[in-house]
Amino acid sequence: MKRKDFFKGLAFGTLSLPLVIRGLGGKSVGQRQSGAYINTTKTYEWDMVTTWPPNFPVLGEGCNLLARWVEEMSGGRMKIKVYGGGELVPALEAFDTVRSGAAQIGCGAAYYWAGKIPAAQFFASVPFGMNAQQLNAWIVGGGGLRLWEEIYAEFNLVPMVGGNTGVQMGGWFNREINSLEDLKGLKMRIPGLGGKVLERAGGSSVLIPGGELFTALERGVIDATEWIGPYHDYKMGFHQIAEYYYAPGWHEPGTALEFFVNKTLYDELPVDLQQIIQSAAAKLNNWMLSEFEAKNAIYLDKLIQEEHVKLRFFKQEILDKLRDYTAETLEEITASDPISRKVYDSYQSFRKKAGFWSSISEERYFSQIQEKQTGVIN
Ligand code: CA
């Protein structure tokens, strides 16, 4: 049977889950191997399904790096083959594919699963929410990971934070946004919570896959699109078809990327391999933010100096209103879902404390200490 057919079969329930797990792991569920008896000759060949196109800059590259590091750290005992979205299963089936054990590990961003788990969005990004540093602090040191693990365990998955985009840009527009009126009727590709907020402001959020975005914007199917930041946006070529590049990315102040591992298979792994996967994800979390920050700085300059992109900033009154709409949107989501409420309460209480600390540390640093860097603005 060809691989694709195999997965298609799974989707229609023609293979039972226990059969798949026995077939992949070679051990029955529940036999945990203790660290003292690690079998160093047993090897593992895993498949990773991702939500990114194959070898996608930074995001897909990150998945390849994780696979390489795991293989190197384990001395070849674990090999992970990375598949881009659509290669084994469609991008947005990654979650269910790993949940069922048909692939062992997946990569994406938790807000992709908001339809199944509304609370998952808090582990990716929230408009006007925490930036990368604060989000990492909440997940790693502030109780976020415990909640995330609890929620994903219900889906037989183990989550790991595995990267962050940093503060994103506000998007590409072909007309200036000078007032809230200008958002009315605006057709923009802006997924997730940001899209819901734009709709409250009178715009419409359009869902278009990344690969079709350029054409959609070029042909005027949409008026605007957000993507990530200067480096990735440059690669997508949006500067060729849009006149204005807006900052800041109010809707994604620091989006976390995730890995999720089938929990049954994870629990069966020797402790050292569990730690190796965790360590590779933690290393990637650092690598990805550093990579985005380094490249964004270079490519913002390139976009302005070489491509003559017109940089613009959202006015404070627009941002203030969008913040109000965000609060209303979050209130609505958390009122109807107790798990979202629990996660949001943890997120908010951490954010308040972290926000005060940031205001006397980072904010003072940027406003009073760091030498001002004023680049060219077209
Ligand atoms: Ca984005």
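The values are calculated or read from the model by the stated rules, or taken from the named source; none is laboratory data. From a predicted model like this one, the values you see are computed outputs, not experimental measurements. Cβ: placed from backbone, ideal geometry, glycine included. Neighbour counts: every protein chain shown.
Within the range 238-255, the set of residues being buried (at least 19 other Cβ atoms within 10 Å of the Cβ) and either under 23 Å from the mean Cα position of the chain (by Cα) or among the basic types (K, R) (or both) comprises F238, Y245, Y246, G249, W250, H251, E252, P253, G254, T255.
For the range 303-326, the set of residues classified as exposed (fewer than 13 other Cβ atoms within 10 Å of the Cβ) and either modelled with pLDDT under 95 or farther than 15 Å from I177 by Cβ (or both) consists of Q305, E306, H308, listed by residue number. Restricting attention to the range 301-321, does a residue exist that is within 16 Å of the ligand (Cβ to nearest atom) and more than 30 Å from E45 (Cα to Cα)? So far as the range 301-321 goes, yes, one or more of its residues are within 16 Å of the ligand (Cβ to nearest atom) and more than 30 Å from E45 (Cα to Cα).
For the condition within 15 Å of the chain's Cα centre (by Cα), surrounded by fewer than 21 Cβ atoms within 10 Å (Cβ to Cβ) and either within 30 Å of I377 (Cβ to Cβ) or within 16 Å of the ligand (Cβ to nearest atom) (or both), G229 does not qualify.
Note on the range 256-284: among residues that are surrounded by 24 or more Cβ atoms within 10 Å (Cβ to Cβ) and of a type outside the set (A, V, I, L, M, F, W, C), the one that is farthest from the ligand (Cβ to nearest atom) is N262.
Considering only residues that are among the acidic types (D, E) and either assigned to a loop (DSSP other than H, G, I, E, B) or surrounded by 13 or more Cβ atoms within 10 Å (Cβ to Cβ) (or both), which ones fall in the range 344-369? Of everything in the range 344-369, just one residue is among the acidic types (D, E) and either assigned to a loop (DSSP other than H, G, I, E, B) or surrounded by 13 or more Cβ atoms within 10 Å (Cβ to Cβ) (or both), namely E362.
When residues in the range 262-321 are screened for being closer than 16 Å to Y245 by Cα, of a type in the set (F, W, Y) and part of a helix (DSSP H, G or I), 1 of them pass. From the list G162, G249, the lone residue that is within 16 Å of the ligand (Cβ to nearest atom) and touching a residue at least 24 places away in the same chain (Cβ under 8 Å) is G249. Checking the structure you have, find out if any residue of the range 370-378 is outside any loop (DSSP other than H, G, I, E, B) and polar (S, T, N, Q). The answer is no; no qualifying residue exists.
State yes or no: is N55 on the phi > 0 side of the Ramachandran plot and either of a type in the set (S, T, N, Q) or assigned to a helix (DSSP H, G or I) (or both)? Here the answer is yes, as N55 does meet what is asked. In the set (1) assigned to a helix (DSSP H, G or I); (2) surrounded by fewer than 24 Cβ atoms within 10 Å (Cβ to Cβ); (3) free of Cβ contacts under 8 Å to residues at least 60 places away in the same chain; (4) out of contact with any Gly (no Cβ under 7 Å at 6 or more places or on another chain), the condition left unmet by G115 is number (1).
Sub-8 Å Cβ pairs linking a first residue in the range 167-184 that is more than 16 Å from the ligand (Cβ to nearest atom) to a second residue that is assigned to a strand (DSSP E or B) and among the aliphatic types (A, V, I, L, M), at least 6 apart or interchain, are N174/A224, ordered by first then second residue. Within the range 232-246, can you find the residues that are within 12 Å of the ligand (Cβ to nearest atom) and among the acidic types (D, E)? Answer for the range 232-246, where residues must be within 12 Å of the ligand (Cβ to nearest atom) and among the acidic types (D, E): just D233.
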